[in-house]
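Some notes on the structure that comes next.
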């Protein structure tokens, strides 16, 4: 049984956390992970207030187990946090910004706070602000990436810097070998994003999921290329046609890139999505979804199938137990 102290803190059975994966997450995914013993997460930063209430309530209707919400602090999202706390959310995840006021508000409402960091100094600041859990995100991670240090180096450094606060390892983990390695580094839990994008429940577009299966560990790019809607934010994503035309043009800066402003896809409500947008392709979108950003970590090369989230959690558990059993 892979159980650590963080399980008691968060009220979960397995120290496996599904990363929020932006709007590709949904109640079905979060509930499936939580019902399987891990911790499911909902991204609410880019959802409207009514939708936030709806997804929280739907998730609660699907599971009696704990689940959490995630907020990106690039802009003021206190209103969204307040909605989540009003709905009784007890686990709040924060990323990409100064967390102090959000931590205070969450604690006042009786919620625990996890804060994702990319450096030791950021981890120490979050610990001083009162974060209950620190998520150490290595450079290998998919989606938006806070730092430039690898998971292998960052996790033990953060563990040493913030002890006894539990640390969650994020970035480059997609199977039991990676989970066991994270535990060896001192992590109390793991945080997997790309693996859960490749789940049946995730709202990622079919094309996106198939590209994940076809990719190798060297098929991602770390850049600030997909920045329309979120400027100067480094991220890791799969190489695609948009990356290719940009590189062929000599990797010009924003404002001089090929086909800037070109509408390549549309959301379900008809809202246009332009080339270089930070929006990932969801199953309801139509158009040139291949040219949109496909967030993925370097662990993508370890993912070979699309499975139900519950099966993914159980497989991760079994693989981890097998690896750790070999150490005894």
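Bear in mind that the values in this text are calculations on the coordinates, not laboratory data. Not measured: the values here are computed from a predicted model. Methodologically, a virtual Cβ is constructed for each residue, glycine included, from the backbone with ideal geometry; neighbour enumeration extends over all protein chains shown.
Observations, loosely collected:
- Placing a label point 7 Å from the Cα of residue 267 along the Cα-to-Cβ direction, the residues of region 208-243 with a backbone N closer than 15 Å are 228-230.
- C-alpha long axis of helix 151-162 to longest principal axis of the chain, angle in °: 50
- Gaussian network model of the chain, Cα within-10 Å springs - most flexible of 142, 110, 291: 110
- Estimated [θ] at 222 nm from DSSP helical runs (n ≥ 4, -39500 (n - 2.57)) normalised by residues in the chain, nearest 500: -10500 deg cm²/dmol
- Neighbour-count order for 327, 139, fewest beta carbons within 10 angstrom listed first: 327, 139
- Cα gyration tensor, the chain - rounded (a/c under 1.5), prolate or oblate: rounded
- Cα-based shape type of region 206-300, given that a ≥ b ≥ c are square roots of the gyration tensor eigenvalues and the cut on a/c is 1.5: oblate
- Cα gyration tensor shape of region 240-294, rounded if a/c is under 1.5, else prolate or oblate by comparing a/b with b/c: prolate
- Average Cα contact separation per residue, the chain, under 8 Å, 6 or more apart, as relative contact order %: 17
- Paramagnetic reach from residue 58 (point 7 Å along Cα→Cβ, amide N under 13 Å) across region 251-288: 283-284
- Cα centroid of region 222-285 to Cα centroid of region 39-96, whole Å: 27
- Across region 206-300, Cα pairs under 8 Å and at least six residues apart give a relative contact order of 35 percent.
- Theoretical gain in end-to-end length, residue 46 to residue 224 [0.36 nm per residue, Cα-Cα removed]: 62.2 nm
- Per-pair calculated FRET efficiency, R0 = 45 Å: residue 105 and residue 213 via Cβ, rounded to 0.05: 0.65
- Relative to the longest principal axis of the Cα atoms of the chain, the long axis of helix 49-62 lies at roughly 50 degrees.
- Highest mean first, the peptides 17-28, 273-284, 95-106, 212-223 sorted by other C-beta atoms within 10 Å per residue fall in the order 17-28, 273-284, 95-106, 212-223.
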